[in-house]
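Note sheet for the following structure.
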Ligand code: DLL
């Protein structure tokens, strides 16, 4: 099923000509309405009328998260505040949040793209969508909510937290679709089991999971434990919120990025050079239709690659591979680049442990240290010390084989690693700043 046949299956040529028209329009608009862009284009010696082809996009400078911080709160808005009907913000690790504003048309487009996303994931009218993304400044809750209503499904605005009540409602209201972070979906599965309930007594069919990196093995685990199809959804508040890209249920391989609204490039995060199709690098997005806060060549810091081959589902919009993490999440441990998701993929394939883990990075003298704390399950926990030791060595060896670094592994008791209702916190970096 496809929500918007006309746009989702546009032949590439027509799609690209629509993109070019919209690109020229947005570049012109920001140049004339946002002083930051006028200054930055002028500094790069490029005027909006230099954009004759999609390829000319590379002439324009990047926009960074720092640029948004520098223009806090409304400096990058392209319309006066009286045209902004909604404000969201994402909390960064460094002080002030990043603020985004939506015009009425932005909200409509967002709902449209979320409705497309729901349908791509296999949801339809008649579904009961249990929305456990947080409502508030975070874009997850309201973004999914408006899309679910646009689709015509029955949406339950749960928001995050209060896991017992989530389970009661999910069971009694017959929720068929759950929207939340992948880590929270596993927490829910665990809590359902603990309540002595059987997942087969629930009507859940689909999980639309995102807002944090996860792995293919974690998908298998979620699908088995919740008896659902687990679909990866991507987005970021700077660009819109959830629904920038999503997997289709047909292929469950790669996330279609809605290219009539977003232009995607993949660059080398160090040099800023555009990479050939298929190579892994940093995702850069230009918004083509946004009015409130259009962004030109926004560096997302997310690492992925384009999958240019056509998809079996019939959608013509390119796919992005599952995000392997953020370039700023990448840990450099004794010179080796490590993404938490790589460690996750090792852990999740080992029997006897749970997919709840935390990485503690520290420094002893001049040497970086990595400790992997991972929960064992109840059965393993009651095993002999010898068994636990063997398990520790095995994890250590597999991480060493994959990444080439030696780490300390600490098996911890079941339920000791803090569960998150939103994004999981996987890394604690205690190293002093360089
Ligand atoms: O997390 C929006 C969202 C809500 C997406 C609900 C999906 C579902 P922010 O809080 O601004 O917005 O965080 C955006 O989260 O740059 C990625 O690093 C990460 N992220 C989001 N989705 C995925 C995903 C929302 N599917 C940041 N896989 C992004 C990996 C993801 N990382």
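The values are calculated or read from the model by the stated rules, or taken from the named source; none is laboratory data. This is a predicted model, so every value here is computed, not measured. Backbone-built Cβ (ideal geometry, glycine too); neighbour counts: all protein chains shown.
Can you go through 379, 419, 394, 363 and tell me which one is in a strand (DSSP E or B), surrounded by fewer than 17 Cβ atoms within 10 Å (Cβ to Cβ) and outside the structural domain of residue 212 (by TED's automatic domain parsing)?
Working: 379 fails: in a strand (DSSP E or B); 419 fails: in a strand (DSSP E or B); 394 fails: in a strand (DSSP E or B).
Result of the check over 379, 419, 394, 363: 363.
Which of the residues spanning segment 190-219 are away from the ligand (no atom under 16 Å from the Cβ), buried (at least 21 other Cβ atoms within 10 Å of the Cβ) and outside any loop (DSSP other than H, G, I, E, B)?
Of everything in segment 190-219, just one residue is away from the ligand (no atom under 16 Å from the Cβ), buried (at least 21 other Cβ atoms within 10 Å of the Cβ) and outside any loop (DSSP other than H, G, I, E, B), namely 192.
Which residue is surrounded by the most Cβ atoms within 10 Å (Cβ to Cβ), if the candidates are limited to segment 95-135 and must be at pLDDT below 95 and out of contact with any helix residue (DSSP H, G or I) (no Cβ under 8 Å at 6 or more places or on another chain)?
Within segment 95-135, the match that is surrounded by the most Cβ atoms within 10 Å (Cβ to Cβ) is 97.
Between residues in segment 207-235 that are free of Cβ contacts under 8 Å to residues at least 60 places away in the same chain and residues that are outside any helix (DSSP H, G or I) and away from the ligand (no atom under 13 Å from the Cβ), which pairs lie under 7 Å by C-beta distance while being six or more apart or on different chains?
Once the first residue is free of Cβ contacts under 8 Å to residues at least 60 places away in the same chain and sits in segment 207-235, its partners that are outside any helix (DSSP H, G or I) and away from the ligand (no atom under 13 Å from the Cβ) give 207/228; 223/229; 226/204; 227/204; 228/204; 228/205; 228/206.
Table: residues versus (1) within 25 Å of residue 140 (Cβ to Cβ); (2) in contact (Cβ under 8 Å) with a residue 60 or more places away in the chain; (3) touching a helix residue (DSSP H, G or I) at 6+ places or on another chain (Cβ under 6 Å).
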residue	(1), (2), (3)
346	no, no, yes
354	yes, yes, no
365	no, no, no
389	no, no, no
399	no, no, yes
423	yes, yes, no
426	yes, yes, yes
431	no, yes, no
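Could you tell me whether segment 160-181 includes any residue that is in a loop (DSSP other than H, G, I, E, B), within 16 Å of the ligand (Cβ to nearest atom) and surrounded by fewer than 22 Cβ atoms within 10 Å (Cβ to Cβ)?
Looking only at segment 160-181, we keep the residues that are in a loop (DSSP other than H, G, I, E, B), and these are 160-162, 173-176, 181.
Okay, now just the ones that are also within 16 Å of the ligand (Cβ to nearest atom), so 160-161, 181.
When the remaining residues are screened for being surrounded by fewer than 22 Cβ atoms within 10 Å (Cβ to Cβ), the result is 160-161.
So far as segment 160-181 goes, yes, one or more of its residues are in a loop (DSSP other than H, G, I, E, B), within 16 Å of the ligand (Cβ to nearest atom) and surrounded by fewer than 22 Cβ atoms within 10 Å (Cβ to Cβ).
Looking at 101, 126, 122 in this structure, which one is closer than 17 Å to residue 247 by Cβ, more than 14 Å from the ligand (Cβ to nearest atom) and touching a strand residue (DSSP E or B) at 6+ places or on another chain (Cβ under 9 Å)?
Values: 101 fails: closer than 17 Å to residue 247 by Cβ; 126 fails: closer than 17 Å to residue 247 by Cβ.
Exactly one residue qualifies, and that residue is 122.
I'd like the full set of residues that are part of a loop (DSSP other than H, G, I, E, B), buried (at least 18 other Cβ atoms within 10 Å of the Cβ) and either without any contact (Cβ under 8 Å) to a residue 24 or more places away in the chain or more than 10 Å from the ligand (Cβ to nearest atom) (or both), limited to segment 136-158. So that I can check it myself, show each step before the final result.
Residues of segment 136-158 part of a loop (DSSP other than H, G, I, E, B): 136-138, 152-153, 157-158.
Next, from what is left, pick out any that are buried (at least 18 other Cβ atoms within 10 Å of the Cβ): 138, 153, 158.
Of everything in segment 136-158, those that are part of a loop (DSSP other than H, G, I, E, B), buried (at least 18 other Cβ atoms within 10 Å of the Cβ) and either without any contact (Cβ under 8 Å) to a residue 24 or more places away in the chain or more than 10 Å from the ligand (Cβ to nearest atom) (or both) turn out to be 153, 158.
I'd like the residue in segment 237-267 that is out of contact with any strand residue (DSSP E or B) (no Cβ under 6 Å at 6 or more places or on another chain) and under 14 Å from residue 114 (Cβ atoms) and, out of all such residues, is surrounded by the most Cβ atoms within 10 Å (Cβ to Cβ).
240
Here is a yes/no grid of residues against (1) more than 30 Å from residue 76 (Cβ to Cβ); (2) touching a helix residue (DSSP H, G or I) at 6+ places or on another chain (Cβ under 9 Å):
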| position | (1), (2) |
| --- | --- |
| 200 | yes, no |
| 214 | yes, yes |
| 227 | yes, yes |
| 232 | no, yes |
| 237 | no, yes |
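Residues that are within 25 Å of the chain's Cα centre (by Cα), farther than 21 Å from residue 143 by Cα and without any contact (Cβ under 8 Å) to a residue 40 or more places away in the chain: which helices (runs of 4 or more DSSP H) entirely in segment 1-107 hold 2 or more of them? Can you show your working first?
Working: elements: 5-8, 12-33, 35-43, 65-70.
Because the criterion is at least 2 residues that are within 25 Å of the chain's Cα centre (by Cα), farther than 21 Å from residue 143 by Cα and without any contact (Cβ under 8 Å) to a residue 40 or more places away in the chain, the helices (runs of 4 or more DSSP H) in segment 1-107 that meet it are 65-70.
Select from segment 295-348 the residues that are in a loop (DSSP other than H, G, I, E, B), more than 30 Å from residue 6 (Cβ to Cβ) and within 12 Å of the ligand (Cβ to nearest atom) and list them in ascending order.
Taking segment 295-348 and keeping what is in a loop (DSSP other than H, G, I, E, B), we get 295-297, 305, 308-318, 321-324, 327-330, 334-335, 339.
Now narrow it down to the ones that are more than 30 Å from residue 6 (Cβ to Cβ): 324, 327-330, 334-335, 339.
Selection gives 324, 327, 328, 329, 330, 339.
State whether the residues of segment 323-331 include one that is at pLDDT 90 or above and not assigned by TED's automatic domain parsing to the domain that holds residue 387.
Keep residues of segment 323-331 that are at pLDDT 90 or above, which gives 323.
In the following step, the residues that additionally are not assigned by TED's automatic domain parsing to the domain that holds residue 387 were identified as 323.
Yes, some residue in segment 323-331 is at pLDDT 90 or above and not assigned by TED's automatic domain parsing to the domain that holds residue 387.
What about residue 351, is it under 23 Å from residue 116 (Cα atoms), in a loop (DSSP other than H, G, I, E, B) and more than 14 Å from the ligand (Cβ to nearest atom)?
Working: under 23 Å from residue 116 (Cα atoms): no; in a loop (DSSP other than H, G, I, E, B): yes; more than 14 Å from the ligand (Cβ to nearest atom): yes.
Spelling it out, it is not the case that residue 351 is under 23 Å from residue 116 (Cα atoms), in a loop (DSSP other than H, G, I, E, B) and more than 14 Å from the ligand (Cβ to nearest atom).
In segment 397-416, how many residues are part of a helix (DSSP H, G or I), crowded, with 16+ Cβ neighbours inside 10 Å and more than 26 Å from the chain's Cα centre (by Cα)?
Here is the first cut: in segment 397-416, the ones part of a helix (DSSP H, G or I) are 397-403.
Checking which are crowded, with 16+ Cβ neighbours inside 10 Å leaves us with 398-399, 403.
Subset that is more than 26 Å from the chain's Cα centre (by Cα): 398.
Residues that pass the stated criteria total 1.
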